[in-house]
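**Student:** Handing you a structure now.
The values are calculated or read from the model by the stated rules, or taken from the named source; none is laboratory data. Worth saying up front: this structure is predicted, and the values here are computed from it rather than measured. Because the Cβ atoms are built from the backbone with ideal geometry, glycine has one as well, and the counts that use them run over all protein chains shown.
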Amino acid sequence: MPTVEATEDGQEREIMTITQTQVAAGASSLLAPTAVFPWPSAPINVPKLQSYLNICVARGIGYGLGAKATNLTAIPPDYHEIDCSGWVRAAVAVATAGKTILPDGSVTQHDWCDRMGLKVSSRGALLLLDDLTRIAFIAPCPAHPVGHVYLTRNTRTLESWGGHGPGSRSVLTHLTLGILQQLTTEVYVLGAY
């Protein structure tokens, strides 16, 4: 159950308690497969996800390689900079009311998606207007030794990227990258409803 507390600047923020065990293991409270969608998925609240992104943008949160949220579900966020995997982790925690906590780091998040049995999607599916929330991974390579992770829905990204911070842009931004990065991009369906 969330509680509300005042921040130093007088604003209120919603706080949900997440145990260290949940955080360390990557809490895996997923929706069970159904006849309509026969794969596990995270219980993503899309309006809450969009609102969280909007709050991050309005607060001018920047990008910081290796920067993470200390309280994953704090609204407004308790950070001033965040990297891609840290933002995805916090955004999913907020959008699922703390039910789904991804592990830290894009490589371990990718492995978690595999281990949880999320539906494998495709780069082409990022262009669909099908209301599915996807998570996409660009693997590190010699030309770009730092990988990237981002969320997508209906042709738009929800992500934190270098030189910017949290924001949204066309998925075409990623689909027009060099051929090596395109070939190393893997996509999963994270939220089906």
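**Student:** Please specify each residue of region 126-141 satisfying the condition of being among the hydrophobic types (A, V, I, L, M, F, W, C) and assigned to a loop (DSSP other than H, G, I, E, B).
**Tutor:** Those that are among the hydrophobic types (A, V, I, L, M, F, W, C) and assigned to a loop (DSSP other than H, G, I, E, B): Leu128, Leu129, Leu132, Ala139, Cys141.
**Student:** Can you tell me which of (1) of a type outside the set (Phe, Trp, Tyr); (2) at pLDDT below 95; (3) within 14 Å of the chain's Cα centre (by Cα) is the one Ala93 doesn't meet?
**Tutor:** With respect to (1) of a type outside the set (Phe, Trp, Tyr); (2) at pLDDT below 95; (3) within 14 Å of the chain's Cα centre (by Cα), Ala93 is out only on (2).
**Student:** Another one. Give the residues of region 142-167 that are hydrophobic (A, V, I, L, M, F, W, C) and in a strand (DSSP E or B), sorted by residue number.
**Tutor:** Val149, Leu151, Leu158, Trp161
**Student:** State whether the residues of region 115-125 include one that is touching a helix residue (DSSP H, G or I) at 6+ places or on another chain (Cβ under 6 Å), crowded, with 16+ Cβ neighbours inside 10 Å and of a type in the set (Gly, Ala, Ser).
**Tutor:** Within region 115-125 (the criterion being touching a helix residue (DSSP H, G or I) at 6+ places or on another chain (Cβ under 6 Å), crowded, with 16+ Cβ neighbours inside 10 Å and of a type in the set (Gly, Ala, Ser)), the answer is no, since none of the residues qualifies.
**Student:** With the condition kept exactly as written, say whether any residue in region 175-186 is within 16 Å of Asp114 (Cα to Cα), assigned to a loop (DSSP other than H, G, I, E, B), at pLDDT below 85 and of a type outside the set (Phe, Trp, Tyr).
**Tutor:** Checking region 175-186: at least one residue is within 16 Å of Asp114 (Cα to Cα), assigned to a loop (DSSP other than H, G, I, E, B), at pLDDT below 85 and of a type outside the set (Phe, Trp, Tyr).
**Student:** Pick out the one residue from Gly66, Gly86, Gly60 that is under 20 Å from Thr185 (Cα atoms), at pLDDT 95 or above and either assigned to a loop (DSSP other than H, G, I, E, B) or among the small types (Gly, Ala, Ser) (or both).
**Tutor:** Going through Gly66, Gly86, Gly60 in turn, the sole match is Gly86.
**Student:** Can you find a residue in region 104-112 that is over 12 Å from the mean Cα position of the chain (by Cα) and farther than 27 Å from His80 by Cβ?
**Tutor:** So far as region 104-112 goes, yes, one or more of its residues are over 12 Å from the mean Cα position of the chain (by Cα) and farther than 27 Å from His80 by Cβ.
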